[in-house]
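Derivation of every value follows stated rules applied to the coordinates shown; laboratory data play no part. Source: prediction; values computed, not measured.
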Amino acid sequence: MARADLDKQPTDVRRMFDTVAKRYDLTNDLMTAGIQRSWRRSMVAAVDPHRGDLVLDLAAGTGCSSEPFGAYGATAVACDFSVGMLQQGKKDRPALPFVAGDGTRLPFLDDTFDAVTISYGLRNFVDPVAGLREMRRVTRPGGRLVVCEFSTPTNGAFRSLYMDGFMQALPRIASLTASASDAYVYLAESIRAWPDQEGLAALVAEAGWQAPEWRNLTGGIVALHRATA
């Protein structure tokens, strides 16, 4: 099975990501025309890592989003529930620490991390608020949360083009590199169904994080949400 449905049963979502792991990074680069690299840099800057920080990168996949923290002297733990993603990540980035874990039942003690980040993964949780609460639990008092997630373009004309045009073309674009293009049908559907910027900020606050705020990237295709434990 290559595709999960919007009820987001964990087994189905895990199997879907196992299927696309081998070419996941390449496919993401193709789909975003490389823009995702600037989004990743913005995410790291929003975390504001310092030497000695311990950062949890949740839904880290192959560790592409975790690797940049090392340049700041921080240690990033790449956590994902897809064993296929973790295996590919360990092959591509053997120096990174990878941990298998469910985002709603994290295998870490309370107050462990200086910062927690998740990129394009919260949308796949069957219960996003439960996941955000778990992230809060494992973050030290005063620690940071950064959620980088697909969002709602702010310009009406661009929003229509993006939602109705690009989202429909997404599986065809993904099929150029990914054997399981049905997985990207789910991706498009999950983006359409996801709350807008204000809606996600409300979920972050509901989970107990303080002073949630966001910044739009690329016209709101992606938004960076920040909050404090």
* Asked: Per residue, what volume in Å³ does the convex hull of the Cα atoms of segment 46-118 enclose?
  -> 79 Å³
* On full extension of the chain, what length is gained from residue 41 through residue 90, given 0.36 nm per residue of separation minus the C-alpha to C-alpha distance? -> 15.5 nm
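If you take every DSSP beta bridge fully contained in segment 64-149, what fraction is antiparallel? Give it as a percent rounded to 5. Show your work: numbers first, answer last.
On the way: 1 of 10 bridges.
DSSP beta bridges in segment 64-149 are roughly 10 percent antiparallel.
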